[in-house]
Amino acid sequence: MLPNRFSSFAPALPLAVALLPAGPVQAFELSIPVPLRDNSHAFHAHLPGFLPDGRSFFQGFVSATHAWMDASGVLNLSATDEQREVCRANETGNTENGVSTVSFAETLCGELSYFDTSFNADALTQTHWGSFAIIESDIIFNERFKPDFETVQHYFHNVAVHEIGHTLGLGHSAVQASIMVARLARGERNTILSIDDLCALAVRYGSPDECPILLGQGYSTSGLDTSALFVGGATIDGGVTFQSQFSPSDEITIYGTFVKDEFHRGRGGNLHVVAVAEDGSLFARHVDGYFRPLADVVDIPSAGELRTRPSAQDLVVLGSRHYSREPSVGPLIGAELGLQGQTVLVYLAYSLHEAPGVYYYGGEPISLSWDLE
Ligand SMILES: [Zn+2]
């Protein structure tokens, strides 16, 4: 639904505590195809009340903006303590009115479903963008949870950092340690921003080289230059750390994010994952989550759908089942395929429907080695 020809209407991105909206939840995702204008954003925040530590909610919100600014070094997020109209006139569920606000409310401009007991979102962010930049973003905290925001340590801060991530154009992440995970646990975090969050920030606003799990440069099998990028890694702690050496008993999850070439915006296709064993034998991940032998890399089966809209989307390449996510594919391809003791290299790629057989891929693999002992 397009309110007008220059502006796209982002779906509200509820942060649910109990039930999640249907559909895929996205390692990091870039749900909006453009960045903030001049890497800057100014909020008008009206947040009466106080946090458990005695600071005002407004001060708490400002400190949440610093979580992103300190991590990126190029973002300029500001907030003024000022009450402004949140909603577009005469339109339910739409905040687009040219003013970016932060507020408490019991509805999204008259739309009840996100904040009532069916979604129970802690907060949501609605973002509007044009051809080149995000032009408005409104954050609404669920008024019904205000007593919890006032009493539960860290709760408001973490939710605010998450919602500001949506303002930056980030979608939800499958990485459990990510602040952008759809179901954010209440309580203190080891670090506010995970490696996955920092990579989303680096890919969108910094230099992708700053992402420690960037899978090299992007290449195309057609030989043409591409701006496609691939990010991913293997973890046994939900994405707090990524590593390449494992023990046989480790429950490994491999997360991947596929960042489209900028010229592939709006185009659909397929995700591909190819694993290479030490003897050169190939395996492909299929849509059902399982790896099966692959004859050659000319015709690679789909590992999932490359959706048209996100400019970057994720895939749990391997791991235990997530709610509403890919099937479980544990314990590991090594165990399933008799590859224990070897090093397996996992490459990420995608192709477009309009050009099947042309693959865009990351130059470096995710490497997994594990001992036999
Ligand atoms: Zn969210």
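The values are calculated or read from the model by the stated rules, or taken from the named source; none is laboratory data. Here the structure is a predicted model, which means the values were calculated and not measured. All Cβ positions, glycine included, derive from the backbone under ideal geometry; neighbour counts span all protein chains shown.
One residue is enough: does segment 139-149 have a residue meeting the conditions assigned by TED's automatic domain parsing to the domain that holds Ala45, among the β-branched types (Val, Ile, Thr) and in a helix (DSSP H, G or I)?
Taking every residue of segment 139-149 in turn, none turns out to be assigned by TED's automatic domain parsing to the domain that holds Ala45, among the β-branched types (Val, Ile, Thr) and in a helix (DSSP H, G or I).
Listed here are the residues, each with its yes/no results for (1) of a type in the set (Asp, Glu); (2) touching a Gly at 6+ places or on another chain (Cβ under 9 Å).
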| site | (1), (2) |
| --- | --- |
| Ala42 | no, no |
| Ala45 | no, no |
| Pro48 | no, no |
| Val62 | no, no |
| His66 | no, no |
| Asn76 | no, no |
| Asp81 | yes, no |
| Cys87 | no, yes |
| Ala105 | no, no |
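Kindly evaluate Ser137 against the criterion of being among the hydroxyl-bearing types (Ser, Thr, Tyr), within 12 Å of the ligand (Cβ to nearest atom), within 28 Å of Arg307 (Cα to Cα) and touching a helix residue (DSSP H, G or I) at 6+ places or on another chain (Cβ under 8 Å).
For Ser137, the condition - among the hydroxyl-bearing types (Ser, Thr, Tyr), within 12 Å of the ligand (Cβ to nearest atom), within 28 Å of Arg307 (Cα to Cα) and touching a helix residue (DSSP H, G or I) at 6+ places or on another chain (Cβ under 8 Å) - is not met.
Can you name every residue in segment 162-189 that is in a helix (DSSP H, G or I) and either of a type in the set (Ser, Thr, Tyr) or farther than 18 Å from Val240 by Cβ (or both)?
Of everything in segment 162-189, those that are in a helix (DSSP H, G or I) and either of a type in the set (Ser, Thr, Tyr) or farther than 18 Å from Val240 by Cβ (or both) turn out to be Glu163, Ile164, His166, Thr167.
Taking segment 176-209 only, how many residues are within 15 Å of the ligand (Cβ to nearest atom), closer than 24 Å to Phe230 by Cβ and in contact with a helix residue (DSSP H, G or I) (Cβ under 8 Å, 6 or more places away or on another chain)?
6
Count, please, the residues in segment 298-337 that happen to be buried (at least 17 other Cβ atoms within 10 Å of the Cβ), more than 25 Å from Ala177 (Cα to Cα) and modelled with pLDDT of 90 or more.
Residues flagged as buried (at least 17 other Cβ atoms within 10 Å of the Cβ), more than 25 Å from Ala177 (Cα to Cα) and modelled with pLDDT of 90 or more within segment 298-337 amount to 2.
Could you please let me know if Val159 is part of a helix (DSSP H, G or I), among the β-branched types (Val, Ile, Thr) and either over 21 Å from Asn39 (Cα atoms) or away from the ligand (no atom under 15 Å from the Cβ) (or both)?
Yes; evaluated as a whole, the condition is true for this residue.
I need the full set of residues from segment 16-42 which are under 14 Å from Gly165 (Cβ atoms) and at pLDDT 90 or above, in order please.
Residues satisfying the conditions are Pro35, Leu36, His41.
Report, by residue number, each residue of segment 201-215 that is surrounded by fewer than 19 Cβ atoms within 10 Å (Cβ to Cβ) and either of a type outside the set (Asp, Glu) or touching a strand residue (DSSP E or B) at 6+ places or on another chain (Cβ under 7 Å) (or both).
Passing the criteria: Gly206, Ser207, Pro208, Pro212.
Tyr205: at pLDDT 90 or above, in contact with a Lys or Arg (Cβ under 6 Å, 6 or more places away or on another chain) and either within 30 Å of His128 (Cβ to Cβ) or assigned by TED's automatic domain parsing to the domain that holds Phe263 (or both), yes or no?
No.
Can you run down the residue pairs with Cβ atoms below 6 Å, 6 or more apart or on separate chains, where the first is in segment 212-228 and within 13 Å of Tyr347 (Cα to Cα) and the partner is of a type in the set (Asp, Glu) and part of a loop (DSSP other than H, G, I, E, B)?
Leu215/Glu364; Gly216/Glu364
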